[in-house]
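In what follows, a single structure is set out as structure tokens and then discussed.
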């Protein structure tokens, strides 16, 4: 069964600095949005599964963000925490159309 989603505009490409995170509120969800070095945009929930650190404030390296609280390494593409730590964060599909950035949220 396919999940129903809605497409929500979260900004323009220029709103997202390369290799830095930005917190974005969409309804009651807080997302961490990252513009990667390859100009791709990724969005994940803005809360580390360990102690709730704001991932948008973490250090970005390639496809990973390091939680600013305890340095947990999280894959931005699939939300998986890297070993030896365990866990995951929710990821959200992003769409770029004519320099506008959208995220798909389940409804």
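The values are calculated or read from the model by the stated rules, or taken from the named source; none is laboratory data. Owing to the predicted nature of the structure, the values given are computational and were not obtained by experimental measurement. No Cβ is skipped: glycine too gets one built from the backbone with ideal geometry, and neighbour counts run over all protein chains shown.
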Need the failing condition index for residue 34 against (1) touching a residue at least 12 places away in the same chain (Cβ under 8 Å); (2) on the phi > 0 side of the Ramachandran plot, just the number. (2)
Could you check segment 92-106 and list, in sequence order, the residues that are assigned to a strand (DSSP E or B) and within 15 Å of residue 42 (Cβ to Cβ)? 92, 94, 95, 96, 101, 102, 103, 104, 105
Could you go through segment 75-92 and let me know if any residue there is under 15 Å from residue 6 (Cα atoms) and touching a residue at least 24 places away in the same chain (Cβ under 8 Å). yes
Tell me whether segment 25-46 contains one or more residues that are touching a helix residue (DSSP H, G or I) at 6+ places or on another chain (Cβ under 7 Å), modelled with pLDDT of 90 or more, within 23 Å of residue 3 (Cβ to Cβ) and in a loop (DSSP other than H, G, I, E, B). yes
Under the condition of being part of a strand (DSSP E or B) and more than 13 Å from the chain's Cα centre (by Cα), which residue from segment 1-17 is nearest to residue 88 (Cα to Cα)? 5
Can you tell me which residue among 58, 21, 53 is buried (at least 19 other Cβ atoms within 10 Å of the Cβ), more than 15 Å from residue 105 (Cα to Cα) and out of contact with any strand residue (DSSP E or B) (no Cβ under 6 Å at 6 or more places or on another chain)? 53
Conditions (1) without any contact (Cβ under 8 Å) to a residue 12 or more places away in the chain; (2) closer than 15 Å to residue 26 by Cα: number failed by residue 98: (2)
